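Take a look at the structure below.
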Amino acid sequence: MTFKEYVLFIYIALILVFSIIAIIAYLVDKNKAIKGKMRTKEKDLLFYAVCFGALGSLIGRIIAHHKTEKVYFSIVIWFSLLMQILAFLVIGYSYLYM
């Protein structure tokens, strides 16, 4: 396996792991909100989006119908998703053409 293949593999693994964590975090926080229990901090939910989990955060929001009316959540998640897609394209281009 070449260095470029390792980088691509690690990037995809990070996206998958953090996306799964983000989906679970949104579902758990929604469940806590319904039951009136102590909630997950908003900065923690946004952290997952910024750190490779934007796709999972977006999916978690949709599935759980949670934090959907918070504009800053939408801005952070969509911007993070855009940056993660661009990074993937750069890594993929590097892998294929360099």
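The values are calculated or read from the model by the stated rules, or taken from the named source; none is laboratory data. In this text the structure is predicted, and so the values were computed from the model without any measurement. Here Cβ is always computed from backbone atoms with ideal geometry, including for glycine, and neighbour counts include all displayed protein chains.
So the values come out like this:
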read-out	value
Answer residue from segment 47-77, given it is touching an Asp or Glu at 6+ places or on another chain (Cβ under 9 Å) and of a type in the set (D, E, K, R) and is surrounded by the fewest Cβ atoms within 10 Å (Cβ to Cβ) among those	K70
Matching option when the condition is touching a residue at least 12 places away in the same chain (Cβ under 8 Å) and either within 14 Å of I24 (Cα to Cα) or among the β-branched types (V, I, T) (or both), among R61, R39	R61
Search result, residues across segment 64-87 that are farther than 18 Å from R39 by Cα and aliphatic (A, V, I, L, M)	V71, I75, V76, I77, L81, L82, M83, I85, L86, A87
Among the candidates G92, G53, residue that is touching a Leu at 6+ places or on another chain (Cβ under 9 Å), of a type outside the set (A, V, I, L, M) and at pLDDT below 95	G92
Subset tally (residues that are assigned to a helix (DSSP H, G or I) and of a type in the set (D, E, K, R)) for segment 43-74	3
Any hit, segment 89-98, residues being crowded, with 18+ Cβ neighbours inside 10 Å, in a helix (DSSP H, G or I), of a type in the set (S, T, Y) and in contact (Cβ under 8 Å) with a residue 24 or more places away in the chain	no
Any hit, segment 63-77, residues being modelled with pLDDT of 95 or more, closer than 20 Å to A13 by Cα, in contact with a helix residue (DSSP H, G or I) (Cβ under 8 Å, 6 or more places away or on another chain) and among the hydrophobic types (A, V, I, L, M, F, W, C)	yes
Whichever residue in segment 78-98 is in contact with a Phe, Trp or Tyr (Cβ under 9 Å, 6 or more places away or on another chain) and of a type in the set (S, T, N, Q) and, among such residues, is nearest to L8 (Cα to Cα)	Q84
